[in-house]
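The values are calculated or read from the model by the stated rules, or taken from the named source; none is laboratory data. Source: prediction; values computed, not measured. Cβ placement follows ideal geometry from the backbone for every residue including glycine, while neighbour counts extend to all protein chains displayed. Accessible surface is based on the protein model in full, side chains and every heavy atom, while ligands, DNA and RNA are left aside. Shrake-Rupley method; radii C 1.70, N 1.55, O 1.52, S 1.80 Å.
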Amino acid sequence: MNDVLVWLIPLIVVLVAGASAALVVPRVRRSRGEIVAPPKRPELGSPTTRPPAEAPTGPEGALTVEDAEAPPVLERPAPVAGRLVRLRDRLARSGSPLGARLLAVLTRDHLTEDDWDELEEALLLADVGAGPSGELIDALRTRVRVQGVSDPATVRAMLREELITLVDPTMDRALHTAGGQPGTPGVVLVVGVNGTGKTTTVGKIARVLVAEDKSVVLGAADTFRAAAADQLQTWGSRVGVPTVRADRDGADPAAVAFDAVRQGKATGADVVLVDTAGRLQNKTGLMDELGKITRVITREAPLTEVLLVLDATTGQNGMQQARVFGEIAGVTGIALTKLDGTAKGGIVVAVQRELGVPVKLVGLGEGPDDLAPFDVEDFVDGILGQA
Ligand code: GDP
């Protein structure tokens, strides 16, 4: 009997303590969605938001809080301006085989048909696509005929100009987030096949917006994959952004999207970012799901951007996905992830041509701030491997 009591009493103490802790966790339960409040964000610029100089940092400089007893410290996302320049060496590493190959051929003394074929092959291998590759070769042939091939610096400048034209500097690459009416947030719907980096990209965009002093609400409308909501919530809580999520697996994603937008309106947020599930196996189901999400969002607030997330390493497969989502989701911009993991930066050109919408963001690593607004000149300089 005494033995039983020795075990039973500590067990009861632990259970009672656990139950009372659960009662003091601040959160609001709703019929369909659950709003998970992040730790309170201290004033920007307050010393508490800055990691102490000696704090342990991850590979990208992110603060790793190891002391569970310490109050939660919010991360300060890296400034957005100049991100692509900061990440350019990654682009150069991934893109330089293309830039280097093109320059090596173009600086030869007398360009033969074989040389032009070699150039075209290099472009095709980098996923530029047949149409755009042909255009670039034609433009270069004309210029070489008129100007002749001269010193490497001039050839590089010529190639740079033609690549910039090909990537198209005239496209509007701003991520549209302004809701218009005061008190109405802009809504960004993020779509794409699972595994492309969708949830990660939503988290990274939230950080970009926080870095621009915007208030954000996240909607975890990928209710199919339970871990996706946890993942999103973790991204949000690191920078003080609340996540609206379903209180059970398999809930209606449109209801979560609706609740997220309502929450954004109620709290006067600037932007609501909605993550979705991307199951391509059933195109009709996906079409219905995204259609319903879009309808319920637009009843409450303007859908300012539909961002398609594509994995740059998937080549033709990615192009196929782009086609399907382009048909069903009214895509207005592309976030191209994992450009750090491929030598095929040409996919930027191919996918823009396919969908007729611009690449607006590029993912260049797994670090929390490894997402950059796409800039044509910086991108081309990255591919050519030189500032
Ligand atoms: P989802 O299923 O589309 O939501 O994909 P996730 O956001 O879960 O991402 C899938 C994997 O891709 C994760 O391991 C991410 O860290 C990784 N990932 C996302 N974006 C990038 C990127 O730009 N570069 C690299 N190298 N990995 C990325």
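Quick one: is Val244 modelled with pLDDT of 95 or more and more than 27 Å from Arg76 (Cβ to Cβ)? Give the derivation first.
On the way: modelled with pLDDT of 95 or more: yes; more than 27 Å from Arg76 (Cβ to Cβ): no.
No, not satisfied.
Filter segment 333-371 down to the residues that are among the charged types (D, E, K, R) and at positive phi and list them by number. Explain how you work it out, then say what you get.
Of segment 333-371, the ones among the charged types (D, E, K, R) are 338, 340, 344, 353-354, 360, 366, 369-370.
Answer for segment 333-371, where residues must be among the charged types (D, E, K, R) and at positive phi: just Lys338.
Report, ordered by the first and then the second residue, all pairs with beta carbons closer than 9 Å, sequence separation of six or more or different chains, a first member in segment 147-158 that is without any contact (Cβ under 8 Å) to a residue 12 or more places away in the chain and farther than 12 Å from Ala104 by Cα, and a second member that is assigned to a loop (DSSP other than H, G, I, E, B) and small (Gly, Ala, Ser).
none
Taking interchain pairs and intrachain pairs at least six residues apart, which have beta carbon atoms under 7 angstrom, with the first residue in segment 336-350 and closer than 12 Å to Gly382 by Cβ and the second among the aliphatic types (A, V, I, L, M) and near the ligand (Cβ under 9 Å from one of its atoms)?
Leu339/Ala312; Leu339/Val362; Leu339/Leu364; Asp340/Leu364; Gly345/Leu339; Val348/Leu336
I'm told Pro368 meets every condition in (1) at pLDDT 85 or above; (2) open to solvent by 10 Å² or more (accessible area, probe 1.4 Å); (3) away from the ligand (no atom under 14 Å from the Cβ) except one. Can you identify the failing condition by its number?
Only one criterion is unmet by Pro368, namely (3).
What tally of residues in segment 337-352 results from selecting those that are surrounded by fewer than 24 Cβ atoms within 10 Å (Cβ to Cβ), within 14 Å of the ligand (Cβ to nearest atom) and not in a loop (DSSP other than H, G, I, E, B)?
So the count comes out to 2.
Anything in segment 214-228 that is modelled with pLDDT under 95 and open to solvent by 10 Å² or more (accessible area, probe 1.4 Å)? List them, or say none.
Within segment 214-228, Thr223, Phe224, Arg225, Ala226, Ala227 meet the criteria.
Assuming Thr234 fulfils every condition listed in (1) open to solvent by less than 40 Å² (accessible area, probe 1.4 Å); (2) of a type outside the set (A, V, I, L, M); (3) within 16 Å of the ligand (Cβ to nearest atom) apart from one, which condition is it?
So the condition that Thr234 fails would be (1).
Looking only at segment 290-322, count how many residues are away from the ligand (no atom under 16 Å from the Cβ), open to solvent by 50 Å² or more (accessible area, probe 1.4 Å) and either touching a strand residue (DSSP E or B) at 6+ places or on another chain (Cβ under 6 Å) or closer than 18 Å to Leu371 by Cβ (or both).
The number of residues fulfilling the criteria is 0.
Is it true that some residue in segment 309-332 is in contact (Cβ under 8 Å) with a residue 24 or more places away in the chain, within 30 Å of Gly183 (Cα to Cα), out of contact with any Lys or Arg (no Cβ under 6 Å at 6 or more places or on another chain) and in a strand (DSSP E or B)?
Within segment 309-332 (the criterion being in contact (Cβ under 8 Å) with a residue 24 or more places away in the chain, within 30 Å of Gly183 (Cα to Cα), out of contact with any Lys or Arg (no Cβ under 6 Å at 6 or more places or on another chain) and in a strand (DSSP E or B)), the answer is no, since none of the residues qualifies.
Within segment 246-264, does at least one residue satisfy the condition of being crowded, with 20+ Cβ neighbours inside 10 Å, within 12 Å of the ligand (Cβ to nearest atom) and at negative phi?
There is no residue in segment 246-264 that is crowded, with 20+ Cβ neighbours inside 10 Å, within 12 Å of the ligand (Cβ to nearest atom) and at negative phi.
Looking for whichever is within 16 Å of the ligand (Cβ to nearest atom) and open to solvent by less than 30 Å² (accessible area, probe 1.4 Å) here; the options are Thr196, Thr200, Thr177. Which one fits?
Numbers: Thr200 fails: open to solvent by less than 30 Å² (accessible area, probe 1.4 Å); Thr177 fails: within 16 Å of the ligand (Cβ to nearest atom).
Going through Thr196, Thr200, Thr177 in turn, just one is within 16 Å of the ligand (Cβ to nearest atom) and open to solvent by less than 30 Å² (accessible area, probe 1.4 Å): Thr196.
Scan segment 353-379 and report the pairs whose first residue is small (Gly, Ala, Ser) and whose second residue is within 16 Å of the ligand (Cβ to nearest atom) and assigned to a strand (DSSP E or B), with Cβ atoms within less than 6 Å and a gap of 6+ or a chain change.
Within 6 Å, the pairs are Gly363/Thr337; Gly363/Leu371; Ala372/Val362.
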